[in-house]
Amino acid sequence: MARVFGRGGLISFGASFSDVYRQVGSYVGRILKGAKPSDLPVVLPTKFELVINLRTAKALGLSIPNTLLVSADEVIE
């Protein structure tokens, strides 16, 4: 997720990339073992990440509440 914030993003909340990649690997494994893709269930993300970029907040003159910073999965300083 840090790649996105190198370009000045402020806050991001979304599905965990590592969790999504794990789910994709599971799907690929099942398909390689002979399952038909149309028979596989749709799986929604279960793990989400909150990332906050304090450099961008500072550049915009914003202060992020400590309660939000504590709940973030990653804080870029």
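The values are calculated or read from the model by the stated rules, or taken from the named source; none is laboratory data. Model, not experiment: these values are computed from the prediction. No Cβ is skipped: glycine too gets one built from the backbone with ideal geometry, and neighbour counts run over all protein chains shown. What goes into the accessible areas is simple: the full protein's heavy atoms, side chains included, and nothing from ligands, DNA or RNA. Shrake-Rupley method; radii C 1.70, N 1.55, O 1.52, S 1.80 Å.
Listed values, structure above:
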read-out	value
Considering residues of segment 3-17 that are surrounded by fewer than 14 Cβ atoms within 10 Å (Cβ to Cβ) and hydrophobic (A, V, I, L, M, F, W, C) only, the residue modelled with the highest pLDDT	Phe13
Selected residue (only one of Ser71, Ser26, Ser63, Ser38 is among the small types (Gly, Ala, Ser), out of contact with any His (no Cβ under 7 Å at 6 or more places or on another chain) and in contact (Cβ under 8 Å) with a residue 12 or more places away in the chain)	Ser71
Sole residue being open to solvent by less than 70 Å² (accessible area, probe 1.4 Å) and in a strand (DSSP E or B), chosen from Val51, Val20	Val51
Looking only at segment 55-77, and only at residues there that are out of contact with any helix residue (DSSP H, G or I) (no Cβ under 8 Å at 6 or more places or on another chain), under 12 Å from Leu10 (Cα atoms) and assigned to a helix (DSSP H, G or I), the one that is least open to solvent (accessible area, probe 1.4 Å)	Ala57
